[in-house]
1. For the chain, modelled as a GNM with alpha-carbon contacts under 10 angstrom, which of 24, 56, 34 fluctuates the most?
2. Report the residue, chosen from 27, 54, 14, that carries the largest GNM mean-square fluctuation when the chain is represented by alpha-carbon nodes joined by springs under 10 Å.
3. Using Cα atoms only, what is the angle between the long axis of helix 53-73 and the major principal axis of the chain, expressed in degrees (0 to 90) to the nearest 10?
4. For residue 8, enumerate residues with amide H under 5 Å from its amide H, sequence gap 5+ or separate chain, H modeled in the peptide plane.
Amino acid sequence: MQTHTLAWRGYEIAVQPEQNEFGAWRAKVSVRKASETLTEFRPETVQPEWLNEAEAVRDGFEWGRRFIRQKMDAPADTL
């Protein structure tokens with residue numbers, strides 16, 4: 001599958017949509033700063049499966065931005 005990327009607040013969010021055996025879409029999300037990967041995860045949401053690839057990509061970017069906001073708002077000693 002194609003990887004979709006978004007530069008946001010000095011970070012790079014990479015989303016790789018994946019289709020499961022039932023035809024539903026999910027996203028694998030990776031957040032990087034420079035060349036260091038900070039996290040990689042599959043979001044677990046109330047609606048973890050999407051009907052199409054575009055919805056999964058959009059959701060992956062939302063989860064990536066949420067992660068970055070939490071990192072930026074965290075006290076410096078917890079980073």
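1. Of the options given, 34 has the highest mean-square fluctuation.
2. 54
3. 20
4. Sorted by chain and number, the residues that satisfy this are 13.
Bear in mind that the values in this text are calculations on the coordinates, not laboratory data. Everything numeric in this text was worked out from a predicted model, so none of it was measured.
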